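Q: There's a structure below that I have some questions on.
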Amino acid sequence: MDCLFCRIISGEIPSNKVYEDDDILAFRDIAPEAPCHVLVIPKTHIESVDAITSENSAIVSKIFEKIPSIAKAGGAGNGYRVITNCGEDGCQSVHHLHFHILGGTKLPEHVV
Ligand code: DGP
């Protein structure tokens, strides 16, 4: 499988890690759109929100349990936004489920 984020998980492509455990990796986005822009991904390959099922959804809760501490570690201790883009109209460019944590500044009130 040729998945960019699977290659980051394996270490084949280097990343600026913020947090890692057996199930989750969090690393800084290569093109940050805020002072803190961290991506949180499951180590198991899930394509997108559309591919979340009752069999694989436990990792999503685990990611959300960890997001507050990852956000603080990443520099968004004063509040943040969590975004996941899904599919063509959602402008998903990497087809491995990921959650953007954006913060480190006062964000615009509206995303679109
Ligand atoms: P999305 O457009 O929601 O699929 O977000 C994909 C994000 O992945 C985008 O903000 C840029 C980031 N990205 C793409 N390639 C790399 C990479 O090689 N390293 C890192 N750290 N981030 C990447």
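The values are calculated or read from the model by the stated rules, or taken from the named source; none is laboratory data. On a predicted model such as this, the values are computed, not experimentally measured, just so you know. All Cβ positions, glycine included, derive from the backbone under ideal geometry; neighbour counts span all protein chains shown.
Q: Listed residues Arg7, Arg28; which is at pLDDT 95 or above, among the charged types (D, E, K, R) and closer than 26 Å to His110 by Cα? Spell out the reasoning first.
A: Working: Arg7 fails: closer than 26 Å to His110 by Cα.
Being at pLDDT 95 or above, among the charged types (D, E, K, R) and closer than 26 Å to His110 by Cα holds for just one of Arg7, Arg28, which is Arg28.
Q: With respect to Val40, determine if the residue is of a type in the set (A, V, I, L, M, F, W, C) and within 15 Å of the ligand (Cβ to nearest atom).
A: Details: of a type in the set (A, V, I, L, M, F, W, C): yes; within 15 Å of the ligand (Cβ to nearest atom): yes.
Yes, satisfied.
Q: Further question on the same structure: Looking for whichever is within 16 Å of the ligand (Cβ to nearest atom), on the phi < 0 side of the Ramachandran plot and in contact with a His (Cβ under 6 Å, 6 or more places away or on another chain) here; the options are Glu47, Glu20. Which one fits?
A: Numbers: Glu20 fails: in contact with a His (Cβ under 6 Å, 6 or more places away or on another chain).
The unique qualifying residue is Glu47.
Q: What tally of residues in segment 50-107 results from selecting those that are within 11 Å of the ligand (Cβ to nearest atom) and hydroxyl-bearing (Ser, Thr, Tyr)? Steps first, please.
A: So the first thing to find is which residues in segment 50-107 are within 11 Å of the ligand (Cβ to nearest atom), and the list is 83-87, 90-100, 102.
Those still in the list that are hydroxyl-bearing (Ser, Thr, Tyr) too: 84, 93.
Matching residues across segment 50-107 total 2.
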